[in-house]
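*Asks:* If you scroll down you'll find the structure; I have some questions about it.
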Amino acid sequence: MSVQYPDNTDYLVVAVAVTGLYNHTLLLTTKLDLADSALHAPSAGFSEHELYPDFVDKAAVLSVASGECDEARAAERLRALLVAPDVDGS
């Protein structure tokens, strides 16, 4: 499976949408080096071996790296969402 990882541009687009702040304001106030580090965490690995080969684990690591919650709780939440039935009950 090929995964496209978000970069700082994606981060800023989401931050503008979520916060309602102007892009220029976010560029001046955001520590982009820390954001970049957090965004690269899910792609960690050694040689050809991925540290987080499962998509859910990659998302969990991204949640942890961004300070949302610990890795186990993040993975648990994401797995619950993936197996939850649709709104219409199917």
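No lab work stands behind these numbers, since they all come straight from the coordinates. The structure displayed is predicted, hence computed values, not measured ones. FYI the Cβ positions are ideal-geometry reconstructions off the backbone, even for glycines, and counts take in every protein chain you see.
*Asks:* Tell me the net charge near Asp36. Cut-off is 14 Å between Cβ atoms, Asp36 excluded, with +1 for each Lys or Arg and -1 for each Asp or Glu.
*Replies:* Value of the local net charge: -2.
*Asks:* Then there's this: For the pair Tyr22/Asp54, report the inter-label distance in nm, with labels modelled 7 Å from Cα in the Cβ direction.
*Replies:* 4.5
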